[in-house]
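*Asks:* Starting off with a structure, shown below.
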Amino acid sequence: MIHKTQAIVLRCYPYSNTSRIVSWLTPEDGRIATLVKGSQRPKSLFLGQYDLFYTCELIYYARERAGIHIARECAPLKTRDRFRFDWKAAAAASYLSDLLFRVSPPDAPHHDLFDLLDSGLDQLASLGASVPFLFWFELKLLEALGLAPRLKHCLNCERELRSGARRATFSYARGGILCPACVEANPAGSLPIAPDILAILTGWQRARSSQAALSTQCTSWQLGEIEKLLGLFLSYHLDMALPSRGIALDVLKRKVA
Ligand SMILES: [Zn+2]
């Protein structure tokens with residue numbers, strides 16, 4: 001059966017001297033892989049039509065059993081040229097794409113994940129990358145997956161946490177915050193969370209656009225705390241190591257442009 005869809009390139013790798021396998025994220029069919037036959041031949045119609053981080057219009061022949069479909073035609077809709085010269089933006093785009101590759105269901109629709117990656121890459125391509133943007137993106141991804149950390153109410157007693165609450169605990173294992181009254185002594189899978197860190201995370205989680213994250217002035221200590229807490233939450237709930245996260249954050253923290 002022939003399918004026509006928008007698709008974002010997540011990964012490309014060689015299949016033979018002249019062909020490639022490309023992984024895509026689509027709104028209707030989730031994560032798919034296609035064989036792009038002869039794409040490396042000098043006269044291939046696919047040359048220049050797709051590359052990492054492009055959003056394309058893709059026409060492919062779906063094979064029900066094999067798992068790898070056959071690309072028939074492809075045309076770029078967004079090429080996001082900034083990733084060719086801005087290595088920090090490219091490192092952030094690599095992390096976003098790797099994250100979506102790992103969490104997207106194969107051959108199943110998930111419009112929210114497609115829209116999140118498409119708009120995230122748009123934003124990186126127009127404004128460049130920043131550490132707060134990556135954290136904001138992680139919070140939005142967790143929300144799209146139904147895994148958002150519960151930050152407003154205590155997981156145990158359901159009481160709303162007052163802003164500035166001291167001695168609250170971030171239980172990444174249980175998925176949110178425990179108020180001071182409910183904190184057990186040294187509970188497994190949890191860490192203390194400072195009031196300012198909780199306020200920053202709550203604000204970013206509430207914000208629809210990344211503007212809130214980009215306009216928050218964070219100290220390097222605050223960014224380090226958020227990196228640690230969100231990193232623990234992601235690896236616990238997604239049940240996977242994310243080496244691309246550490247690489248992207250290392251690149252973004254370097255002083256050289
Ligand atoms: Zn409580």
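*Asks:* Within the bounds of the stretch 93-108, is there any residue that is more than 16 Å from the ligand (Cβ to nearest atom), outside the structural domain of Pro180 (by TED's automatic domain parsing), in contact with a helix residue (DSSP H, G or I) (Cβ under 6 Å, 6 or more places away or on another chain) and at positive phi?
*Replies:* No, every residue in the stretch 93-108 fails to be more than 16 Å from the ligand (Cβ to nearest atom), outside the structural domain of Pro180 (by TED's automatic domain parsing), in contact with a helix residue (DSSP H, G or I) (Cβ under 6 Å, 6 or more places away or on another chain) and at positive phi.
*Asks:* Another one. State which residue is nearest to Leu100 (Cα to Cα) when the search covers only the stretch 133-172 and only residues that are among the acidic types (Asp, Glu) and touching a residue at least 40 places away in the same chain (Cβ under 8 Å).
*Replies:* Glu138
*Asks:* Only one of these is of a type in the set (A, V, I, L, M, F, W, C) and modelled with pLDDT under 90: Cys218, Cys182. Name it.
*Replies:* Only one candidate qualifies: Cys182.
The values are calculated or read from the model by the stated rules, or taken from the named source; none is laboratory data. These figures come from a predicted structure and were not determined experimentally. Here Cβ is always computed from backbone atoms with ideal geometry, including for glycine, and neighbour counts include all displayed protein chains.
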